[in-house]
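A short worksheet on the structure shown next.
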Amino acid sequence: MPAKNRHTVTVDKIITGGHGLAKLADGMLIMIPFVLPGEKVVVAIEKRKKSFAEATLLEVLTPSPQRVKPACPSFGSCGGCHLQHGDYPSQLAIKESILRDLLSGNQEWSAEHLESIFQPALASPAPFHYRQRIRLQVDDSGRIGFFERRSHAVVDIETCPLAAAPLNDVLGRFRAIAAFQKLLPHTEALELLLSPLTDQVEVIVRLRRKPRAADQQAATSLAETIERVQAVWLAGEGFVMSGPFIANEANEVALKHLAFALPKNLAGRELVFRFEAGGFCQVNQQQNERLIGQLLEWAEVGQEDAVLDLFCGMGNFSLPLALKSRKVVGTDLQRSSIRGAKNNAQDNHLQNCLFLRADALEAIREFKKTTEQFDLILLDPPRHGCREILPLLGDLGSKKIVYISCDPATLIRDLKDLHGFGFHLRKIQAVDMFPQTCHIECIALLSKV
Ligand SMILES: C[S@@+](CC[C@H](N)C(=O)[O-])C[C@H]1O[C@@H](n2cnc3c(N)ncnc32)[C@H](O)[C@@H]1O
């Protein structure tokens with residue numbers, strides 16, 4: 001490598017995406033993967049862009065005291081994890097500082113205000129083996145794993161340290177099964193879904209083409225061969241997901257769902273949730289419990305209050321809120337989520353919940369035509385946020401909003417808009433739903449001035 005392409009730099013901080021930020025002698029900013037703040041490293045410049053350059057890490061000259069040996073042999077090549085080289089406290093500190101950086105410098109919030117509202121990151125109870133669902137890519141050569149960093153090449157993996165143990169158990173046994181080998185050439189992805197209540201697993205096999213009778217037989221055979229697999233589904237682009245293919249037809253109804261329970265101490269009563277394969281569920285169940293705890297604490301809803309949960313899924317937040325409030329109205333675009341939410345309310349004997357399948361914007365427009373008013377609005381939109389609905393929220397009577405987000409950039413954009421509409425930021429916290437990765441979940445509390 002030409003010497004002029006090699007540089008020794010000191011990492012200033014970690015930014016969005018988990019990249020280290022450093023400066024070359026000529027002032028050019030560079031982004032380096034797999035480094036920690038304060039480390040002196042040797043890097044090679046890969047790509048120069050207008051305002052920054054991308055570099056690869058060649059050597060760590062002065063390692064951070066928080067540097068650790070990554071747990072996974074594929075760390076670095078597999079694109080799934082970004083922070084395994086740092087101990088868990090360093091990962092939390094990185095996520096906190098990314099969030100602080102994104103918030104600061106905005107005219108909406110002074111440095112003093114941010115200091116007073118910023119909460120330390122909420123640690124995940126388990127930094128490894130926390131994922132209750134994983135999606136693995138499959139390539140033409142039968143490699144099963146995650147995409148390589150910045151590529152669509154598949155890194156073959158035997159086991160994933162982020163996946164819950166039952167998922168690794170199933171993954172480890174799949175390849176040796178003849179029925180799976182029959183499906184493999186037509187498979188583009190595999191989803192393994194844990195049912196935390198039972199430790200059973202459901203598998204969605206995403207095919208490149210419409211399933212045939214032989215695929216269905218192979219799916220049933222897979223469920224028969226691995227006791228832990230309660231159902232296999234066949235899905236893909238352009239056709240309806242088919243299944244469940246199960247070992248015992250008589251158990252079809254009982255086996256069709258995944259399930260988890262929230263403990264009594266969270267909302268005053270144990271709640272059991274069932275949800276369908278393919279629908280949304282939080283990936284880290286133990287951390288989901290902490291997030292719900294934080295939501296209930298910040299929301300402070302009482303028995304007189306009405307709550308609107310605009311992206312309610314299968315009622316993950318709506319049901320705990322229903323135990324604390326007068327009523328909850330939940331809306332979601334996905335039919336199966338609303339079906340799940342209604343069933344969950346019924347199974348948990350909650351009569352103060354109403355669930356409607358609706359686009360959030362449409363739902364708000366409908367509420368505006370009525371006298372319906374809410375004391376709390378909960379927002380938990382997909383990654384891209386929910387900018388389009390923000391101008392209308394003020395008309396629903398609410399003085400308080402809790403916003404839960406898996407993308408700090410769209411969250412902060414939306415918080416700025418909400419500030420303009422009179423909802424001021426009162427508390428904000430990173431909730432580490434995805435340890436070892438650069439992804440940051442956040443919860444924010446806003447109230448009207
Ligand atoms: C991040 S998930 C949150 C689900 C739920 N709060 C939970 O914790 O399980 C986002 C949800 O928004 C729903 N969604 C996406 N776009 C929507 C829209 N335009 N209107 C209403 N819901 C939408 C999805 O179906 C999904 O259930």
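Miscellaneous remarks
- Residue identified as surrounded by 19 or more Cβ atoms within 10 Å (Cβ to Cβ) and in contact with a His (Cβ under 8 Å, 6 or more places away or on another chain) among Ala121, Ala164: Ala164
- Index of the failed condition, Asp417 passing every other in (1) in contact (Cβ under 8 Å) with a residue 60 or more places away in the chain; (2) part of a helix (DSSP H, G or I); (3) more than 16 Å from the ligand (Cβ to nearest atom); (4) surrounded by fewer than 20 Cβ atoms within 10 Å (Cβ to Cβ): (1)
- Residue within region 356-368 that is at positive phi and at pLDDT 95 or above present: no
- Filtered by the rule that a residue be polar (S, T, N, Q) and touching a strand residue (DSSP E or B) at 6+ places or on another chain (Cβ under 7 Å), region 190-226 gives Ser195, Thr198, Gln200, Gln216, Thr220.
- Any pair with Cβ under 9 angstrom, 6 or more apart, that starts in region 178-189 at a residue that is more than 15 Å from Leu136 (Cα to Cα) and in the same structural domain as Leu234 (by TED's automatic domain parsing) and ends at one that is of a type in the set (S, T, N, Q) and surrounded by 17 or more Cβ atoms within 10 Å (Cβ to Cβ): Ala178/Ser221; Ala179/Thr220; Ala179/Ser221; Lys182/Ser221
- Residue satisfying condition, being under 25 Å from Gly315 (Cα atoms) and of a type in the set (Gly, Ala, Ser), within set Gly236, Gly268: Gly268
One line per residue, one yes/no per condition, for (1) under 16 Å from Asp12 (Cα atoms); (2) among the aromatic types (Phe, Trp, Tyr); (3) outside the structural domain of Arg150 (by TED's automatic domain parsing); (4) touching a residue at least 40 places away in the same chain (Cβ under 8 Å):
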| position | (1), (2), (3), (4) |
| --- | --- |
| Met31 | yes, no, yes, no |
| Phe52 | yes, yes, yes, no |
| Ala71 | no, no, yes, yes |
| His85 | no, no, yes, yes |
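- The lone criterion from (1) in contact (Cβ under 8 Å) with a residue 12 or more places away in the chain; (2) closer than 27 Å to Gly420 by Cα; (3) within 14 Å of the ligand (Cβ to nearest atom) left unmet by Lys368 is number (3).
- Residue within region 402-410 that is in a loop (DSSP other than H, G, I, E, B) and hydrophobic (A, V, I, L, M, F, W, C) present: yes
- Listed by position, the helices (runs of 4 or more DSSP H) contained in region 195-284 that have at least 2 residues being free of Cβ contacts under 8 Å to residues at least 60 places away in the same chain and within 30 Å of Glu297 (Cα to Cα) are 264-267.
- Ala22 satisfies every condition listed in (1) among the small types (Gly, Ala, Ser); (2) more than 22 Å from Leu162 (Cβ to Cβ); (3) surrounded by fewer than 17 Cβ atoms within 10 Å (Cβ to Cβ) except (3).
- Among the residues of region 97-143, those identified as closer than 18 Å to Ala409 by Cα and of a type in the set (D, E, K, R) are Arg100, Asp101, Glu108.
- Of residues in region 292-349 being away from the ligand (no atom under 11 Å from the Cβ) and in a strand (DSSP E or B), the one surrounded by the fewest Cβ atoms within 10 Å (Cβ to Cβ): Lys327
The values are calculated or read from the model by the stated rules, or taken from the named source; none is laboratory data. Nothing here was measured: the structure is a model prediction, and the numbers come from that model. FYI the Cβ positions are ideal-geometry reconstructions off the backbone, even for glycines, and counts take in every protein chain you see.
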